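J.: Below is the structure I would like to discuss, written out as structure tokens.
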Amino acid sequence: MERADLISIAKSTLEIEISELEKLKNRIGEDFARAVEIIHSAKGKLIVVGIGKSAHVGNKIVATLNSTGTPSQFLHASEAIHGDLGVIQKQDVVLCISNSGNSPEIANLVPYLRDYSSALIGMTGNKNSKLAEFSEIVLDTHVDVEACPNKLAPTSSTTIQMALGDAMAVALMELNDFRENDFAKFHPGGSLGKNLVSKVDQFLSPQKPQVEGNAPVRDVIISISASSHGITVVTQDEKIIGVITDGDLRRMLMKGDDITKVQAKDIMSAHPKTIERDILAKEAMKILKENNIGQLIVTENGTYFGIIDLHTLLDEGIN
């Protein structure tokens, strides 16, 4: 098979699934709105039930909902009929996903899902199925054509299920007024969460290089060499008056002056860039990038508190 044939197959697959998504979009109506309202007003959590490929879709929907403010839990249909039904409480809402709606596990389970929960929502491609019969609301996910060349493997149908789950999650986000900072609370370890909530003082260097303004060059060299940042902060009476980098030292030596008489204040760069320790780390990164510098002085109420380094922020995913 030629590469052109493979590319053609991929495009054909996507065309079929896009067509089915367009049909789904045109079917969205009152049933969808009612389902979202029921989930939003539930006093308990949302239990998502599925089996086979629908179980994988269900797990993804649960993950999306949990990360966007709707407490959810996945329940595998085959495990449910062997004891795990106990996870469902009367205040919970159940969303059961099944393309056929008639698989043995689902058919045996749906009466219990309805009785044990406050509401059963069925997501199925068969409105005449057992799942549809027992559901308070039916979300129609039927497809005319699977993208599979044999028209057997779930392809278009699982795409439709996934997309409808995303639509529900986004609608619930709007109902919950779920915003960036809320999202960050559930993603503290990821790059996005860190950018939204992490403060400067979480990434402080353990080193705090510092010299007084009247310090001799020898002390400046020792201070810079003792840290890994190539910089030291110059202070006077606890106030920041400048910074000296290893580049400043090289430029001083190239002048050929008598360095025994040079003090820190003579070679420092005055008015260095600073940031308060409780500011978002992404603001520190912005200052570093805009000024093309590698380190930023961190302050607490204007007093020297520490150093934050560009490479540390990059390593932590701050951008």
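The values are calculated or read from the model by the stated rules, or taken from the named source; none is laboratory data. Bear in mind that the values here come from a model prediction, so they are computed numbers and not experimental data. With ideal geometry, Cβ positions are generated from the backbone for all residues, glycine too; neighbour counts draw on all protein chains shown. Surface accessibility is based on the protein's heavy atoms, side chains included, excluding ligands, DNA and RNA. Shrake-Rupley method; radii C 1.70, N 1.55, O 1.52, S 1.80 Å.
J.: Working from Cα positions, state the angle (0 to 90°, nearest 10) between the long axis of helix 217-226 and the longest principal axis of the chain.
T.: 20
J.: Same structure again: Around Phe305, which amide H atoms from residues at least 5 apart in sequence, or from another chain, sit under 5 Å from its own amide H, with H modelled in the peptide plane?
T.: Counting only residues 5 or more places away or on other chains, the set is Val298, Thr299, Glu300.
J.: Taking the Cα centre of the stretch 200-311 as origin and charging only Cβ (+1 Lys, Arg; -1 Asp, Glu), how large is the dipole, in debye to the nearest 20?
T.: 320
J.: Mind jotting down a quarter of the surface of the convex hull over the alpha carbons of the stretch 114-177, in square nanometres, one decimal? Present the calculation step by step, with values, prior to reporting the outcome.
T.: Numbers: hull surface 21.6 nm².
Mean projected area for the stretch 114-177: 5.4 nm², to one decimal.
J.: What accessible surface, in Å², does a 1.4 Å probe find on His311, ignoring ligands, DNA and RNA and rounding to the nearest 10?
T.: Ignoring ligands and nucleic acids, His311 comes out at about 120 Å².
J.: Using a Gaussian network model on the chain with a 10 Å cutoff between Cα atoms, which of Ser157, Ser72, Ser205 fluctuates the most?
T.: Largest GNM mean-square fluctuation: Ser205.
J.: Once amide H atoms are placed 1.01 Å from N in the peptide plane, what residues at a sequence separation of 5 or more from Phe74, or on another chain, have their amide H within under 5 Å of its amide H?
T.: Val48
J.: Now a separate question. Can you list the lysines whose alpha carbon is less than 19 Å from that of Lys60, not counting same-chain residues fewer than 8 positions off?
T.: Qualifying lysines at Cα under 19 Å: Lys45.
J.: Please list, ordered by chain and number, the residues whose modelled amide H lies under 5 Å from the amide H of Ile241; skip anything fewer than 5 residues away on the same chain.
T.: Correct list: Val234, Thr235, Gln236.
J.: Sticking with this structure for a sec: Compute the Kirkwood hydrodynamic radius of the stretch 1-84, taking the inverse of the mean of 1/r over all pairs of distinct Cα atoms, and give it in Å to one decimal.
T.: Evaluated on the stretch 1-84, it is 15.8 Å.
J.: Using Cα atoms only, what is the angle between the long axis of helix 53-67 and the major principal axis of the chain, expressed in degrees (0 to 90) to the nearest 10?
T.: 40
J.: So what J values fall out for the stretch 83-98 if you push phi through Karplus, 6.51 cos²θ - 1.76 cosθ + 1.60 with θ = phi - 60°, rounded to Hz, Gly and Pro as x?
T.: With the stated coefficients, the stretch 83-98 comes to x, 7, 4, x, 6, 7, 9, 4, 7, 7, 10, 10, 10, 9, 10, 7 Hz.
J.: Right, next: Helix 281-291 versus the longest principal axis of the chain: what angle, 0 to 90°, nearest 10, using Cα atoms?
T.: Taking the Cα atoms of the chain, the angle to 281-291 is about 50 degrees.
J.: May I ask you to list the residues of the stretch 231-249 whose amide nitrogen lies under 20 Å from a point 7 Å from Cα along the Cα→beta-carbon direction of Ala270?
T.: Counting only backbone N, you get 232-245, 248-249.
J.: Let me ask you something else. What is the Cα radius of gyration of the chain over 2.2 N^0.38 Å, N being its residue count?
T.: Relative to the rule-of-thumb radius for its length, the chain sits at 1.55.
J.: How big is the dipole moment of the chain about its Cα centre under a simple scheme where the beta carbon of each Lys and Arg is +1, that of each Asp and Glu is -1, and everything else is neutral? Debye, nearest 20, please.
T.: The dipole magnitude comes to about 240 debye.
J.: Something else about it: Taking square-rooted eigenvalues a ≥ b ≥ c of the alpha carbon gyration tensor, is the stretch 236-319 rounded, prolate or oblate, where a/c under 1.5 means rounded and, failing that, a/b exceeding b/c means prolate?
T.: Details: a/c = 3.26, a/b = 1.70, b/c = 1.92.
It comes out oblate by the Cα gyration axes.
J.: May I ask which residue of Val200, Ala284, Met252 lies farthest towards the positive end of the charge dipole of the chain, with charges of +1 (Lys, Arg) and -1 (Asp, Glu) on Cβ and the Cα centre as origin?
T.: Result: Met252.
J.: In debye, nearest 20: dipole of the stretch 1-60 around its Cα centre with unit charges on the Cβ of K, R (+) and D, E (-)?
T.: 380
J.: Ignoring ligands, DNA and RNA, what accessible area per residue does the chain give at 1.4 Å, in Å²? Spell out each step's value before the answer.
T.: Working: 16850 Å² over 319 residues.
So the chain comes to 53 Å² accessible per residue, rounded to a whole number.
J.: Could you check what % of the DSSP bridge pairs in the stretch 208-319 are antiparallel, to the nearest 5?
T.: Roughly 70 percent of the DSSP beta bridges within the stretch 208-319 come out antiparallel.
J.: Let me ask something else about it. Which of these, Arg277, Arg179, Arg251, has the largest mean-square fluctuation under a Gaussian network model of the chain (Cα springs below 10 Å)?
T.: Arg251
J.: Within the set of other residues whose C-beta is less than 11 Å from the C-beta of Ser98, count the net charge using Lys and Arg as +1 and Asp and Glu as -1.
T.: +1
J.: Cα-based count: Lys pairs in the stretch 207-302 below 19 Å, eight or more positions apart or different chains?
T.: Lysine pair count for the stretch 207-302: 10.
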